[in-house]
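Novice: What follows is a single structure, and I will ask about it in a moment.
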Amino acid sequence: MSVGVLALIAAIPILAIFVLMVGFRWPAARAMPLAYVLTLVLALVVWQTPVPWILAATLNGVVIAFRILFIVFGALLVLFTMRESGAIEAINRGFTGISPDKRIQAIIIAWLFGGFIEGAAGFGTPAALAAPLLLSLGFPALAAVMVALIANVTPVSFGAVGTPTLIGIQSSLNIPSVRQTISDAGMTFDGYIHQVGVWTAVQHAIPGLILPLIMLAMMTRFFGEKRSFREGLAIWPYALFAGCCFVAPYLLVARFLGPEFPTLLGGLIGMAILIPATKAGFLVPSTTWDFPDRQQWEKDWSGSIRMQGNPSGNRVSVFKAWIPYVVIGLLLVLTRVRSLPFGKWIGAVRMDYSNLFGTTVSGSIEPLLNPGIIPFMLVALLCIPLFGLKAGQAGAAWKEAAGRIKSPLIALVFAVPMVRIMMQSGNNPDGITGMPVAMAAAVTAVFQGAWPLVDAFIGALGSFMAGSNTVSNMLFSLFQYSIAEQLGISTILVVSLQNIGGAMGNMICVHNVIAACATVGLVGVEGLLIKRNLLPMSLVGLIVGVTGLILVYTVGRGIL
């Protein structure tokens, strides 16, 4: 069977997801079980994947799904605990003091605060924190999730202290033949990975500068009273300045410090510049934009979580209200920076599993390294004495958080195993190319020398399926490196484009969309979000593709 035919067959589950969720507006909890069954049938009948590999992939996928669910639960728990304490009301007052303009609030929280959290933790944590914060500020739940997902593109490639680059790409390319080629070119392997990080940042920079503007245009187009892109674009001087506040340190850190810190320091330095500038009125628009009155909101804008009121009746100071988020950020940094011992200490509590059902599928469960437990659950517990919560108030927060995860549990328990089966489908006795590689190879055959134009979309496909830029890079980095060698173009630039594509795919990744929706109480709108986010993803992909094509055939001729 030709690669092209295999690619078409492999695409059936993905097409089914789009048709059911985007076309028919099925909720993920209904669409994902069917997509899993389709993938299972294809793996057994077409790819003839042995049953032990399918069982191992499914079990591994369930473990990963519960890891995501812990993050969602922890984020909800922090949100409801702070709501019970009155801290959310205080944070609202604080942001209104900076600016009542919802466009400015979206940039500060989703773009910069979300970027900082991505740099520290990654793996869905930014949307899990940023979307509920936006909800508490009066954003429609659907708008909060859309904004959080779009804003997270530029940060992702260096998220979780550089994990997609340092682990995703490095583990894929760390084979003797690649290391020898790099050595023959007079470069160390670590130096090569560093350069991939540098060029990832460079090629992220152009779309990164305008990403806040794209985010705002989408927000005002779909959630403004006038349904106009223009209201978002009207704030372009401020949005571009916000883009620079993040991208400038992001580029410098990638060049001089390496892949661990561009996103972390980009978000932190960006907030340190933008918030005082905003308070001083620098480039702040003269007119204030807000969402229409709640009575005019469409039905699918709102989730089941309500943030109105202050159940405790406490008057919490803005400073005190931000303490839990400061502690969250501090704990994330302390436990994720590899040069510090804290991550190793809590990572020592782990359970490894390997050779599931006689296969090479393996993994580990590290409960204390899951952001849902440390810092989210830990901080939620610390909030009880910090804000003087009564047992009933704390209990109400835990009960509501637990009640919110039923729908995402069903969706994720089928979505993640589906992807894992696709990734393991190449382990068959007949040597049939696995589903993801077959789809990528078919695209390669079509574009050939114009490959940089579509390179990033392969990375996006990987993260759409796997829910992770890191896993996308593990899946496709060696594939991308091989294509660059065959075409005689820069492997560093081509692999960098893969890294960017994996970040792009987070906008439409089913796992991330389900998880983010769960944090604001949205059910059944995942397909609508994916459909809308295809527009900014395609725009970013086009910019990256054109930039990459120009670089590859100009300065790229002198880059390994």
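The values are calculated or read from the model by the stated rules, or taken from the named source; none is laboratory data. Just so it is clear, the model here is predicted, and its values are computed rather than measured. A quick note on method: Cβ atoms are made from the backbone with ideal geometry, for glycine too, and the neighbour counts reach across all protein chains shown. Accessible surface is based on the protein model in full, side chains and every heavy atom, while ligands, DNA and RNA are left aside. Shrake-Rupley method; radii C 1.70, N 1.55, O 1.52, S 1.80 Å.
Novice: Longest span of the chain, sites excluded, free of GluC sites (Glu not before Pro) in DSSP loop with at most 16 other C-beta atoms within 10 Å?
Specialist: Details: sites that count: Glu225, Glu298.
With GluC sites (Glu not before Pro) excluded where exposed in loops, the chain gives 299-560 as its longest stretch.
Novice: Mind sorting out which of (i) 22.6, 69; (ii) 28.6, 93; (iii) 28.5, 88 is the real Rg and Dmax of the Cα atoms in Å computed from the coordinates?
Specialist: Computing Rg and Dmax of the Cα atoms in Å and matching it to (i) 22.6, 69; (ii) 28.6, 93; (iii) 28.5, 88 gives (i).
Novice: Still on this structure, I have one more. Residues of the range 319-467: accessible area per residue at 1.4 Å, in Å²?
Specialist: Numbers: 6480 Å² over 149 residues.
On a per-residue basis, 43 Å².
Novice: Checking the a/c ratio against 1.5 first, then a/b against b/c, what shape does the Cα gyration tensor give for the range 339-449?
Specialist: Working: a/c = 2.62, a/b = 2.10, b/c = 1.24.
Prolate, because a/c is 1.5 or more and a/b exceeds b/c.
Novice: Keeping the other protein chains in place, figure out the carbon and sulfur percent of the accessible area of the range 151-233, with a 1.4 Å probe.
Specialist: Working: 1640 of 2920 Å².
Using a 1.4 Å probe with all protein chains present, the range 151-233 comes out at 56 percent carbon and sulfur.
Novice: Along the three principal axes, how long is the range 166-317 when you take its alpha carbons, biggest first, rounded to the nearest angstrom?
Specialist: 66, 36, 35
Novice: So, one more: So if each residue of separation counts as 0.36 nm, and I subtract the Cα-Cα distance between Ala348 and Leu330, what length gain in nm does that give?
Specialist: Details: separation 18, 0.36 × 18 = 6.48 nm, distance 2.01 nm.
Using 0.36 nm per residue and subtracting the Cα-Cα distance, I get 4.5 nm.
Novice: Taking the Cα centre of the chain as origin, sum charge times position over the Cβ atoms of Lys and Arg (+1) and Asp and Glu (-1), and report the length of that vector in debye to the nearest 20. Each step should come with its number before you reach the end.
Specialist: Values: 31 positive and 20 negative charges, 223 e Å.
The calculation lands at about 1080 debye.
Novice: What stretch of the chain, leaving out the sites themselves, is the longest with no trypsin sites (Lys or Arg not before Pro) in a DSSP loop having at most 15 other Cβ atoms within 10 Å?
Specialist: Numbers: sites that count: Arg25, Lys226, Arg227, Arg306, Arg315, Arg338, Arg350, Lys390.
The reported range is 26-225.
Novice: Let me spell out the model: positive unit charges on the Cβ of Lys and Arg, negative unit charges on the Cβ of Asp and Glu, origin at the Cα centre of the range 208-334. What dipole size does that give, in debye rounded to 20? The partial results should precede the final answer.
Specialist: Working: 11 positive and 7 negative charges, 33 e Å.
For this selection, approximately 160 debye.
Novice: Also, I was wondering about something else. Given a Förster distance of 22 angstrom, what is the FRET efficiency for Ala185 paired with Leu542, based on the Cβ-Cβ distance and rounded to 0.05? Walk me through the numbers before you get to the answer.
Specialist: Working: r = 31 Å, r/R0 = 1.42.
After rounding, the FRET efficiency stands at 0.10.
Novice: Can you list the chymotrypsin sites (Phe, Trp or Tyr not before Pro) in the range 319-392 that are in a DSSP coil and have 12 or fewer other beta carbons within 10 angstrom?
Specialist: none
Novice: Under the rule of at least 5 residues apart or a separate chain, name every residue whose amide H is placed under 5 Å from the amide H of Ile365.
Specialist: Met351, Asp352, Tyr353
Novice: While we're looking at this one, here's another question. Which whole-number value in Å² is the accessible area per residue of the range 11-100, probe 1.4 Å?
Specialist: Working: 3130 Å² over 90 residues.
Value for the range 11-100: 35 Å² per residue.
Novice: Let me ask something additional. Give me the 1.4 Å probe accessible area per residue for the range 150-259, excluding ligands and nucleic acids, in Å². Present the calculation step by step, with values, prior to reporting the outcome.
Specialist: On the way: 3970 Å² over 110 residues.
Here the per-residue accessible area is 36 Å².
Novice: Enter the angle in degrees (range 0 to 90, nearest 10) between the Cα long axis of helix 236-256 and the first principal axis of the Cα atoms of the chain, meaning the one along which they spread out most.
Specialist: 50
Novice: Quick one: helix 406-424 against the long Cα principal axis of the chain, what's the angle to the nearest 10°, folded into 0 to 90?
Specialist: Relative to the chain, helix 406-424 is tipped by roughly 20 degrees.
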